[in-house]
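Input: a single structure, listed below in structure tokens.
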Amino acid sequence: MTQILNYFLLLPIFGFLLSLLIPDKKETLISQVAFLTVGLHFISAIVYVIAWFIKGCPTLNVKDIDVFRTTGYDFFVDLYFDKITVVYLLVGALLTFMVTIYSRYYLHREQGYKRFYNTILFFYVGYCVAIFSGNLETLFIGWEVLGLSSFLLIAFYRERYLPVKNAVKVFSIYRIGDVGLILAMWMSHHLWHENITFLKLNNYELVHEHLQSHTFIGAFISLMILITAAAKSAQLPFSSWLPRAMEGPTPSSAIFYGSLSVHLGVFLLLRTYPFWEQQISVRILIAMLGLLTAVITTGIARVQSSVKSQIAYASISQIGLIFIETALGWEDLALFHFAGNAFLRTYQLLVSPSVASYLIREQFYHFSPTQSSIEKSFFSGKLLNTFYILCTKEWNLDAFMYRFLWNPLKWGGKKMNFLTLNSIFAFFAVVYGVGLFSVHHKELINPNIQAYLPVTFATIGLVMVLKAFTERKNALLSWFLVVMNHFWIALAVSFNEKFTFNQVYLYLSGVVVAGALGYWCLRKLKNLEDIIDLNQFHGFSYKYPKLAFLFLLACLGISGFPITPTFVGEDLIFTHIHENQVILASFVSLSLIIDGLAIIRIYARMFIGPHTKSHHEVAYRSS
Amino acid sequence: MSSKTLSKIRNTFDAQKVIHDLKHFLPAQNPLKDFVHHNTLHAFQDMKFFDGIRKASAIFGYHVSLTLAEYRNLYAEGRIKKEVLDSIISEKFGKYEVDAWKEKMLSEKYNEHSSPRIGTLRSNWKRAYQIDLDSMVHPTLFRIICGFLDQGIAIWEFPEKEKTFLDALRAMERNSFSSYFRKSRAKSLLLNTDCKIEDLLKVLVGDEGLYSQYLFDQQFAHQGWSGIVSAVEDNPESLLDARKISLSDVITFELLLEIDALDYQFGQHQWQPLSQNLKRKPVQLFADVEATELNDVLAIWQLAFEWSYYDEVLAGIKLNKNSEIPQNPKTFQALFCIDDRECSFRRYLEQFDTSCETFGTPGFFGVEFFFQPEGGQFYTKVCPAPVTPKYLVKEKSETKGSKLEKDLHFSKHSHSFYSGWLISQTLGFWSAVKLFWNIFRPAMSPATSSSFRHMDKQADLTVKHHHHDEEKGLQVGFEIDEMVARVEGTLKSIGLVTDFAPLVYVIGHGASSVNNPHFVAYDCGACCGRAGSANARVFCDMANRAEVREALRERGIDIPAATQFVGALHDTTRDEIVFFDENKLSATNLNNHQTNHKIFDTALDYNAKERSRRFESINTELTPAMIHDKIKIRSVSLFEPRPELNHATNALCIVGRRSLTKGLFLDRRSFLNSYDYQIDPEGKFLFNILKAAAPVCGGINLEYYFSRVDNQKLGAGTKLPHNVMGLIGVANGIDGDLRPGLPSQMIEVHDPLRILFIVEHFPEVVLDTIQRLYATYEWFINEWVNLVVVNPETKDFFVFQAGEFIPYDLVATTIEEVSDITPLLESTQENFPVYLISA
């Protein structure tokens, strides 16, 4: 029975790959592949769950494949199946199934019909990997796939400005979540000295024993998990991304942001519950966060005058309540609430265009000039206005992200404006050479100095990647810096201990290949168009769709996307950062966040957005 | 005048005048509930068509025609005909230039890219100051305007909505701990000064000579919101829950937000006005636009495209032999709206009952009034948009019918957290069932907008006026003489004055759709975007009155006592028909009616089949009845963005007797207005017909034209990501500008042709008629619509050019004849040429 679990991952992967091969124009075939894949998945899920019930609902776990194994390190895909998986599987399969049918006619004649179904299936792959995952590493793979497919679906109308801008915005929030997860993985390697499975977390004594001696580590891991969950489920302070994600076709907004994607934060909490169950302070924190989110976003939902943002905020506030339920340990209620909320919001979003005729009719028959609302009975005059203004401004959440996260980064990057491609290259050659030399001849260096070297090199990497993120003139330069960042990280970690350079090679081989491919794409674009600045969106995917796709693959390779060696390498490299090297860990993870952002920025600026150089119809920037 | 005084004049900024000009150029689309088709580029209508669109394109960056590649492709496909193209070139440049010009038309490479003038001045913020003002200001501005205008989406309403926009903001800013502004200067300007636009511009721009252009740049950066504000300012009644907003208020507030954003970025008083950092002055927005060779080439292509089709139609009219009007006695007569969607329905009726006769007239049937349904809190105008009626007709009914069915999914309770907690865990599961159901078995629901809900079939209408019964300045019902005038006017204008059949149907139309914010655009344009059911019934009620008939007899219209008028409503999406007041029919007529009803049903099945050829989801080869069922399901499917194709492909407006077109297959592309020149020798009725038809049909046609050629800037783009904003418009996402115009799903099959009016009368009478009112004449003389006259006696054609009628020689000599159109319908989804239908 356990071995069948593989089938639940392989089926969507197969469907996704198949859908990539169908020519653009074959609408019926494309939708049928999606329909059959998800339909078959749904039916198998029902049958499987019935069988599972008959067997008395056992918790299943299967260690699948070793991706990479070395002494003291084993990266393996692990699958897990229990009540939580069942609920997420059934809800997800049913909704995705209905949406694939729904979209069949809804997207008829839309440019990007195929792209839509590819992305939906890709999303579904990520979703399945995440909900079946048996350890954090596997979960992380699904997590990344979800993040990327979200980006692609928000930027579905890639020739307009706002979808692309918002897609980048959402991606950056997701990136924070990703790094939270990486850090959680890093610390738990040190806590358990293995890639712990969720199954083992159910062992109360084991967890209890480990947490007894490592209170701080336990709290740190829980906190990272909470940040990841909050980012994914649009809890405070990340909430403002959710309504902004509603840029794609309505059905995709409905399942992604109305229901499935946004509830995965809850999934993460439910899945790791045995781990933080014993940390009362964490549980209080989660509940408080949920409550605060529920209260604030309810207010924001009430002032929204556009139907989709209203549904988005209402959904966030329900998820806040689900967080509380989870923190209280009411798993069944949380699951039930999740399913109800997912169905409700999906349907509400799908019928949202009908709101015009429905509410206008209602207004025509039931209008009363002064509506009563709870706010008026609660507050008067000044407070009423204050809260109204704050709610329409979304409590400055969107501005807050800018102010405290991106603006300091930009400020830092701008300080590096004096750097040119040549000076950077020279600097890199010299300093990196010295660094390499020192790694191979550690014995020559004073151990006191040696202790500072990893942080020094990580800092250089960080500074470089900051520059990459804010570079405006030259995409090639930005790309070069992004690639180099991985070299700096590798160098920094190499000081830590004597590990075989194989691991570094594994890590860097992916980087080199992807880096070269990306460089080639940008060179080619420069030859074709003589434009390489990052000042605005250029939208070249309109003219060179194949080049755009190749470059996207390069971006995935370089950002450590789960299909690439870079990914395993990244994870591996992290295990070599010691638990007491918090500064190094935070620098490396910060540079990985910014690295990802810089990469997606290059892709977005060069290849998507309004294509200004052509003579086809171009939408207004504000539309 | 010396150059000095000239520059002085140019530098004087008059805010009122600039705002007046701005309002003229901004999109003039009303809020969703009052959507009415109009010429998108109405602001350029005082120029000749090709001059106007060239100018609009250079100033605002619109695409105003198909691309060169598209035209060349049409030529290669034979849709643009070689002979027509040759004759147009030779007429324009002479016979000897044909080859040289053809070379240019077919293979010359042109640079089709040009940068618009709009936005160049304001783009200097980004260039010289490295600040993206739009992305700092727009989200806040849009949200505040939308919150203020919102008609019922938000649960917590705008606090000071009864004040004017600026006063409301003042009141809120004055009495609050938080603020929409980030710095103190803008706030204090708002609270402590009268915020003159010129004073704010002085801070921002500095140079008075640039003010006007700056405001144009600023407002056209979000023409959707500015347009709706301007429309609501001019038509406050277009919002049921009225608001006091003006473009001037919005501009003022936007200028304050801009000052605030700059203060925030650079520090208060730390930045200089825009004119200080301007390297060179931008081109004057409205300076002349030189015509280029590319403009000529595109114009010739457009003309060739249009006349390739027109010529076929005219040849069809000339060669049409199957034009006999049925002999008496007729089984029934039916009045339809002129709408192009009724074109094929009429053809099938005439095919299945050769003794019936059909007519076309604007679908309010000449009775203009406000309608108040039972339980309605407001009045709804049901007549063409420019008319303001003096009458009110009320629906009286025991029950409220199906109008008010509820759907909890739209309930606002699901958005607050405690009731939302309950609802999501209960109703949430019901949603999954409903969604499942709707995907596999779509059906009518409260979410559907249905034409039959407009008026309850069983209800009574207050058609007759009773002594001094008035409401809010409107007379309830009509006096007898008012009824007589209306019935006479309508009947005479369509030429129905003798030979009445025992049953005369008066058939309004409406549409049904779901998940469609543009639902109003699908209903009857002559009823202001409502269904025509109330009008049809009111007309019949009038025409059935003995006292009315008596008076009509004196005026030469003798309606036999046995003749009864029956109102009906045709749902163009579902192809269903409902007849009203059948219980008032005499026994004989009821019997006849039941026979006719079957004819109507068959005709509707066939009509559904004809429509289905455009629909991907339906196999056109099925039987008419099977297709009809599928069409009905389609109309209520949540996932169907094209419930019907509305006016897409419209290209003709034929004003004349049915005999002109009866034997022609026009592929649902024509507005048909019945008219008999014999009873109107001086063009009295013709004048009224054209006065209404030119703006209505021309408006529909040009809105389709421009939404098709530039679906991004002049249309609404694809409707799939649309988000309903405040019940007044749609936008993409949550921060976007409103998208006026038509979504791509409505226009994708449309061929952008200007409409051709074909009038059956003598050229001199028509010339005299169209010149009586300049507003009407402007459409023709400036060529925004084309006009051809058919001499009713000789069937010779005269085309209207530069103020006179010139004989037109047909290029086509034959038109293909078909006996059965069914195989044709099943053959392709594309547009058809004109065919003769052999009897």
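Would you work out the charge dipole size for segment B:124-277 about its Cα centre, treating the Cβ of every Lys and Arg as +1 and the Cβ of every Asp and Glu as -1, and quote it to the nearest 20 debye?
Details: 15 positive and 23 negative charges, 106 e Å.
It comes to approximately 500 debye.
Give me the one-decimal nm value for the distance between modelled label points at B:GLU547 and A:ILE50, 7 Å along each residue's Cα-to-Cβ direction.
Between B:GLU547 and A:ILE50, the simple spin-label model gives 7.4 nm.
Please identify the helices of chain A, taking whole runs of DSSP H, that span at least 18 Å along their own axis as judged from the Cα atoms and have a mean Kyte-Doolittle score of 1.0 or higher.
On the way: long enough: A:5-21 (26 Å, 2.10); A:27-54 (40 Å, 1.74); A:83-106 (35 Å, 1.27); A:113-132 (29 Å, 0.93); A:136-154 (26 Å, 1.61); A:161-192 (46 Å, 0.67); A:215-232 (26 Å, 1.88); A:280-303 (35 Å, 1.87); A:307-327 (30 Å, 0.93); A:331-350 (28 Å, 0.43); A:421-440 (28 Å, 1.66); A:447-470 (36 Å, 1.17); A:475-494 (29 Å, 1.76); A:501-529 (40 Å, 0.53); A:545-558 (20 Å, 2.09); A:582-607 (37 Å, 1.80).
Span-like helices, by this rule, are A:5-21, A:27-54, A:83-106, A:136-154, A:215-232, A:280-303, A:421-440, A:447-470, A:475-494, A:545-558, A:582-607.
What length, rounded to one decimal in nm, is gained on full extension from A:HIS366 through to A:PHE425, with 0.36 nm per residue of separation minus their alpha-carbon distance? Let's see the in-between values first.
Details: separation 59, 0.36 × 59 = 21.24 nm, distance 7.08 nm.
Result: 14.2 nm gained on full extension.
Which value, in nm² and rounded to one decimal, describes the direction-averaged projected area of the C-alpha convex hull of segment A:474-623? The partial results should precede the final answer.
On the way: hull surface 40.1 nm².
The orientation-averaged projected area of the Cα hull of segment A:474-623 comes to 10.0 nm².
Mind giving me the FRET efficiency for B:GLU826 and A:LEU40? R0 is 51 Å, r the Cβ-Cβ distance, nearest 0.05 is fine. Walk me through the numbers on the way to the answer.
Values: r = 35 Å, r/R0 = 0.68.
With a Förster radius of 51 Å, E is 0.90.
Mind checking the dipole of segment A:112-268: about its Cα centre, +1 per Lys or Arg Cβ, -1 per Asp or Glu Cβ, Debye to the nearest 20?
Values: 10 positive and 8 negative charges, 160 e Å.
Roughly 760 debye for segment A:112-268.
For a label point 7 Å from the Cα of B:LEU773 along Cα→C-beta, name the residues of segment B:357-384 whose backbone N is under 16 Å from it.
B:362-368, B:383-384
Roughly how many nanometres apart are two label points built 7 Å out from the Cα toward the Cβ at B:ASN111 and B:LYS406?
A separation of 6.4 nm, rounded to one decimal place.
Could you compute the FRET efficiency for A:ASN580 and B:GLN130, with r as their C-beta to C-beta distance and R0 at 45 Å, rounded to 0.05? Write out the running numbers ahead of the final one.
Details: r = 43 Å, r/R0 = 0.95.
Step by step, r from the Cβ atoms, then E = 0.55.
Students often check this: by mean Cβ neighbours within 10 Å, which of B:123-129, B:423-429, B:740-746, B:625-631 ranks highest, and how do the rest follow? Please report the intermediate quantities before stating the final value.
Numbers: B:123-129: 15.1, B:423-429: 20.6, B:740-746: 24.7, B:625-631: 19.0.
In decreasing order of mean packing, B:123-129, B:423-429, B:740-746, B:625-631 become B:740-746, B:423-429, B:625-631, B:123-129.
Past 25 Å, Cα to Cα: identify those pairs from A:LYS473/B:LYS109; A:LYS543/B:LYS82; A:LYS473/A:LYS543; A:LYS25/A:LYS543, in the order given.
Values: A:LYS473/B:LYS109 32 Å; A:LYS543/B:LYS82 32 Å; A:LYS473/A:LYS543 22 Å; A:LYS25/A:LYS543 18 Å.
Violating the 25 Å limit, Cα to Cα: A:LYS473/B:LYS109; A:LYS543/B:LYS82.
Give me the angle, in degrees from 0 to 90, between the Cα long axis of helix B:533-543 and the longest principal axis of the Cα atoms of chain B, rounded to the nearest 10.
On a 0 to 90 degree scale, this one is about 50.
Report the percentage of all Cα-Cα pairs in segment A:2-357 whose separation exceeds 39 Å, rounded to a whole percent. Could you put the intermediate results ahead of the total?
On the way: 7255 of 63190 pairs.
When every Cα pair of segment A:2-357 is considered, 11 percent fall beyond 39 Å.
Once you mark the chymotrypsin sites (Phe, Trp or Tyr not before Pro) that are in a DSSP loop and have at most 14 other Cβ atoms within 10 Å, what is the longest gap between them in chain A? Mind dumping the intermediate values first?
On the way: sites that count: A:TRP330, A:PHE379, A:PHE418.
Segment A:1-329 is the longest.
Evaluated at 25 °C with a viscosity of 0.890 mPa s, what Stokes-Einstein diffusion coefficient in µm²/s does the protein assembly as shown have when Rh comes from the Kirkwood expression over alpha-carbon pairs?
Working: Rh = 34.8 Å.
Roughly 71 µm²/s, to the nearest whole number.
Considering all alpha-carbon pairs of segment B:124-277, what whole percent are spaced by more than 25 angstrom? Each step should come with its number before you reach the end.
On the way: 3311 of 11781 pairs.
Of all Cα-Cα distances in segment B:124-277, 28 percent exceed 25 Å.
For the Cα atoms of chain B, what angle does the longest principal axis make with the long axis of helix B:165-174, in degrees from 0 to 90, nearest 10?
Once rounded, one gets 40 degrees.
Could you pull out the pairs from A:LYS169/A:LYS308; A:LYS26/B:LYS713; A:LYS55/A:LYS200; A:LYS169/B:LYS719; B:LYS163/B:LYS187 whose alpha carbons sit more than 20 Å apart here? Could you put the intermediate results ahead of the total?
Numbers: A:LYS169/A:LYS308 18 Å; A:LYS26/B:LYS713 29 Å; A:LYS55/A:LYS200 22 Å; A:LYS169/B:LYS719 23 Å; B:LYS163/B:LYS187 18 Å.
Flagged as over cut-off: A:LYS26/B:LYS713; A:LYS55/A:LYS200; A:LYS169/B:LYS719.
Please give me, ordered by residue number, the trypsin sites (Lys or Arg not before Pro) of segment A:515-589 that lie in loop per DSSP and have at most 16 other Cβ atoms within 10 Å.
Values: sites: A:ARG523, A:LYS524, A:LYS526, A:LYS543, A:LYS546; in loops: A:LYS543.
Those satisfying the criteria are A:LYS543.
Describe numerically, in nm with one decimal, the distance between label points set 7 Å from Cα along Cα→Cβ at B:ASN73 and at B:GLU817.
Those two pseudo-labels are separated by 3.6 nm.
Using only Cα atoms, find the angle between the long axis of helix B:624-635 and the longest principal axis of chain B, and express it within 0 to 90 degrees, rounded to the nearest 10.
20
Using only the Cα atoms of chain A, build the gyration tensor, take square roots of its eigenvalues as a ≥ b ≥ c, and label the shape rounded, prolate or oblate: rounded if a/c is under 1.5, else prolate if a/b is larger than b/c, else oblate.
Working: a/c = 1.42, a/b = 1.21, b/c = 1.18.
Cα axes put chain A in the rounded bin.
Using 0.36 nm per residue, how much length does the chain from A:ASP332 to A:ILE4 gain when fully extended, once their Cα-Cα distance is taken away?
115.5 nm
Let me check I've understood the local charge: for A:LEU552, count other residues with C-beta under 13 angstrom from its C-beta, Lys and Arg +1, Asp and Glu -1. What total comes out? Don't jump to the answer; show the numbers that get you there.
On the way: positive: A:ARG115, A:ARG158, A:LYS546; negative: none.
Residues close to A:LEU552 contribute a combined charge of +3.
Taking R0 as 30 Å, what FRET efficiency do you get between B:THR164 and B:LYS48 from their Cβ-Cβ distance, rounded to the nearest 0.05? Display every interim value, and only then the final one.
Working: r = 40 Å, r/R0 = 1.34.
The calculated FRET efficiency here is 0.15.
Rounded to the nearest 20 debye, what is the charge dipole size of chain B about its Cα centre when +1 sits on each Lys and Arg Cβ and -1 on each Asp and Glu Cβ?
Its charge dipole is roughly 2080 debye.
As I understand it, the dipole of the protein assembly as shown uses +1 on the Cβ of Lys and Arg and -1 on the Cβ of Asp and Glu, about the Cα centre. Which of B:LEU461, A:ALA254, B:SER65 lies farthest toward its positive end?
Value: A:ALA254.
Exactly which chymotrypsin sites (Phe, Trp or Tyr not before Pro) in segment B:292-392 are in a DSSP loop and have at most 16 other Cβ atoms within 10 Å?
Details: sites: B:TRP301, B:PHE305, B:TRP307, B:TYR309, B:TYR310, B:PHE332, B:PHE336, B:PHE345, B:TYR348, B:PHE352, B:PHE359, B:PHE364, B:PHE365, B:PHE369, B:PHE370, B:PHE371, B:PHE378, B:TYR379, B:TYR391; in loops: B:PHE364, B:PHE365, B:PHE369, B:PHE378, B:TYR379.
Those that pass, being in a loop and sparsely packed, are B:PHE378.
As a check on your grasp of the helix formula, calculate [θ] at 222 nm for chain B: sum -39500 (n - 2.57) over DSSP H runs of n ≥ 4, divide by the residue count, round to the nearest 500.
Working: 28 runs with 343 residues, N = 839.
The helix-only estimate for chain B comes to -13000 deg cm²/dmol at 222 nm.
At 0.36 nm per residue, and after removing the present C-alpha to C-alpha distance, how many nm does the segment from B:ASP194 to B:ASN688 gain when stretched out fully?
Full extension of this stretch gives 173.0 nm more.
Take the cross-link list B:LYS202/B:LYS279; B:LYS48/B:LYS102; A:LYS410/A:LYS546; B:LYS48/B:LYS95; A:LYS415/A:LYS526 and give me the ones stretching past 21 Å between alpha-carbons. If you can, show how the numbers build up before the last one.
Working: B:LYS202/B:LYS279 18 Å; B:LYS48/B:LYS102 24 Å; A:LYS410/A:LYS546 31 Å; B:LYS48/B:LYS95 25 Å; A:LYS415/A:LYS526 27 Å.
Flagged as over cut-off: B:LYS48/B:LYS102; A:LYS410/A:LYS546; B:LYS48/B:LYS95; A:LYS415/A:LYS526.
Quick one: compute the contact order of chain B, relative version, from alpha carbon pairs under 8 angstrom and 6+ residues apart, as a percent.
Details: 1436 pairs, mean separation 137.6, N = 839.
In percent, rounded to a whole number, it is 16.
Using a 10 Å cut-off around each Cβ of peptide B:407-416, what is the average number of partner chain Cβ atoms that fall inside? Let's see the in-between values first.
Values: counts 3, 1, 9, 9, 1, 6, 0, 10, 13, 7.
What the average comes to for B:407-416 is 6.
So what is the 222 nm mean residue ellipticity for chain A from helices alone, if each DSSP H run of at least 4 adds -39500 (n - 2.57) and you divide by all residues, rounding to the nearest 500 deg cm²/dmol? Please list the in-between numbers first.
Numbers: 28 runs with 443 residues, N = 623.
One gets -23500 deg cm²/dmol as the mean residue ellipticity at 222 nm.
Every number in this text was worked out from the coordinates using simple rules, so none of it is lab data. Note that the structure is a prediction, hence the values are computed from the model and not measured. Every residue, glycine among them, receives a Cβ derived from its backbone with ideal geometry; neighbour counts consider all protein chains shown.
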